[in-house]
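Since the structure comes first, as structure tokens, the remarks are kept for the end.
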Amino acid sequence: SNPIKTFLKDPWKYRNKSEAFFVHANLSWDGTRNPMAFDMGWPAEKADYEEEAHTYISKLDTEFTLVMILEHLDESVVMLRRLMCWEVKDVILYSRIENQRHYSYKSYVATPKERENHRRWSAVDYMLYETFNKSLWRKIDAQGPDFYEELRYFRTIRESISRHCARAMKERKNETLLIAASKWSPQFVVDHTYCSYITAWKVYELDVVMRGREYTREELGHSLLNQKTNLRLMKKGLPTFVNRRDFDAAGIRVPHKAPLRRPESLEDIIHKTLKASMFLA
């Protein structure tokens, strides 16, 4: 079966199943509908208020100097570096292959009708994306041809640093890589500490660093229950749960072959949905 095709055939059919209400925050969230706009402060309950959303997005466009676009991440990062007057070493991204899992619908291409259904279903997100995509390219065009020279330089050293860090972290060697000075960057050294920062793959780990503390048990309780656990519950005819706290309170034990992983956080789910939405854009 192809769940993407099934969903896109009639997204409105699943509206009440895709929404989640978080009592502790007194807000609703729908991971399939306008998740990017939700991140930018647009209420999930106003998914159909397109005229009001247009006014809100126009206001955001005047307030944000830059909004980065995932498909044009390299361009966005170079633009960010210029606006913030940072050094190149401050914005290097670690290159790695994501989503190496295999499933039948991974390469599925939505039909024109399915794309149109998704555009109508998540109209505010499309409006948000198109507004800031145009805004990004206007800013890039204003930079002149020198921007593309830096972009090529950025991509070259990003790949070089990524290869070095992948090997260094795998072999646990404290080898260093010297990046020569350029017109966009002074000379800098890539060591084990630098590699450990850019290769960190868990959002949770980086969040802990930024917060300066671990999550409390109560905070983790509000994390969304992972999909695998809910699927096992459904197969056994048991109720499903939005978050870990409610699941634990029910006292249900679900046999499994491997230990349950930490529930995905709201940030993780939104990030994945954002990438899926941009794929359909």
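The values are calculated or read from the model by the stated rules, or taken from the named source; none is laboratory data. Just so you know, these numbers come straight off a predicted model, no measurement behind them. Note that each Cβ is placed from the backbone with ideal geometry, even for glycine, and that neighbours are counted across all protein chains shown. Accessible surface areas use protein heavy atoms only, side chains included; no ligands, DNA or RNA. Shrake-Rupley method; radii C 1.70, N 1.55, O 1.52, S 1.80 Å.
What the table shows:
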{"read-out": "Condition met for Leu93 (in a loop (DSSP other than H, G, I, E, B), touching a Leu at 6+ places or on another chain (Cβ under 9 Å), over 26 Å from Ala44 (Cβ atoms) and among the aliphatic types (A, V, I, L, M))", "value": "yes"}
{"read-out": "Region 139-152 - residue that is part of a helix (DSSP H, G or I) and without any contact (Cβ under 8 Å) to a residue 40 or more places away in the chain and, of those, most open to solvent (accessible area, probe 1.4 Å)", "value": "Arg152"}
{"read-out": "Close pairs from region 22-37: first at positive phi and at pLDDT 90 or above, partner of a type in the set (Gly, Ala, Ser) and not in a strand (DSSP E or B), Cβ under 6 Å, at least 6 apart", "value": "Asn34/Ala47; Asn34/Ser122"}
{"read-out": "Among (1) of a type outside the set (S, T, N, Q); (2) open to solvent by 90 Å² or more (accessible area, probe 1.4 Å); (3) out of contact with any strand residue (DSSP E or B) (no Cβ under 9 Å at 6 or more places or on another chain) - the single one Glu45 does not satisfy", "value": "(3)"}
{"read-out": "Of all residues making up region 51-63, the number that are of a type outside the set (Ser, Thr, Tyr) and open to solvent by less than 90 Å² (accessible area, probe 1.4 Å)", "value": "5"}
{"read-out": "Helices (runs of 4 or more DSSP H) within region 3-43 that include 3 or more residues closer than 30 Å to Met68 by Cβ", "value": "3-9, 35-39"}
{"read-out": "Any hit, region 168-181, residues being open to solvent by less than 30 Å² (accessible area, probe 1.4 Å), in contact with a helix residue (DSSP H, G or I) (Cβ under 9 Å, 6 or more places away or on another chain) and over 17 Å from Val91 (Cα atoms)", "value": "yes"}
{"read-out": "Residue in region 188-205 that is within 24 Å of Val23 (Cβ to Cβ) and either in contact (Cβ under 8 Å) with a residue 40 or more places away in the chain or within 29 Å of the chain's Cα centre (by Cα) (or both) present", "value": "yes"}
{"read-out": "Condition met for Glu267 (under 24 Å from Ile92 (Cα atoms), modelled with pLDDT under 80 and open to solvent by 60 Å² or more (accessible area, probe 1.4 Å))", "value": "yes"}
{"read-out": "Selection within region 103-130 - assigned to a helix (DSSP H, G or I) and buried (at least 16 other Cβ atoms within 10 Å of the Cβ)", "value": "Glu114, Asn117, His118, Trp121, Ala123, Val124, Asp125, Tyr126, Met127, Leu128, Tyr129"}
{"read-out": "Any hit, region 158-167, residues being touching a residue at least 40 places away in the same chain (Cβ under 8 Å), open to solvent by 20 Å² or more (accessible area, probe 1.4 Å), closer than 22 Å to Arg81 by Cα and in a helix (DSSP H, G or I)", "value": "yes"}
{"read-out": "Failed item, numbered, when Tyr197 is tested on (1) outside any helix (DSSP H, G or I); (2) open to solvent by 60 Å² or more (accessible area, probe 1.4 Å); (3) of a type outside the set (Val, Ile, Thr)", "value": "(1)"}
{"read-out": "Qualifying residues in region 8-36 (those that are hydrophobic (A, V, I, L, M, F, W, C) and surrounded by 15 or more Cβ atoms within 10 Å (Cβ to Cβ)) - the one farthest from the chain's Cα centre (by Cα)", "value": "Leu8"}
{"read-out": "Any pair with Cβ under 7 angstrom, 6 or more apart, that starts in region 105-127 at a residue that is within 13 Å of Met36 (Cα to Cα) and touching a residue at least 24 places away in the same chain (Cβ under 8 Å) and ends at one that is in a helix (DSSP H, G or I) and small (Gly, Ala, Ser)", "value": "Ser122/Ser277; Val124/Ala37; Val124/Ala53; Asp125/Ala37; Asp125/Ser277; Met127/Ala53"}
{"read-out": "Test: residue in region 70-86 that is touching a residue at least 24 places away in the same chain (Cβ under 8 Å) and assigned to a loop (DSSP other than H, G, I, E, B)", "value": "no"}
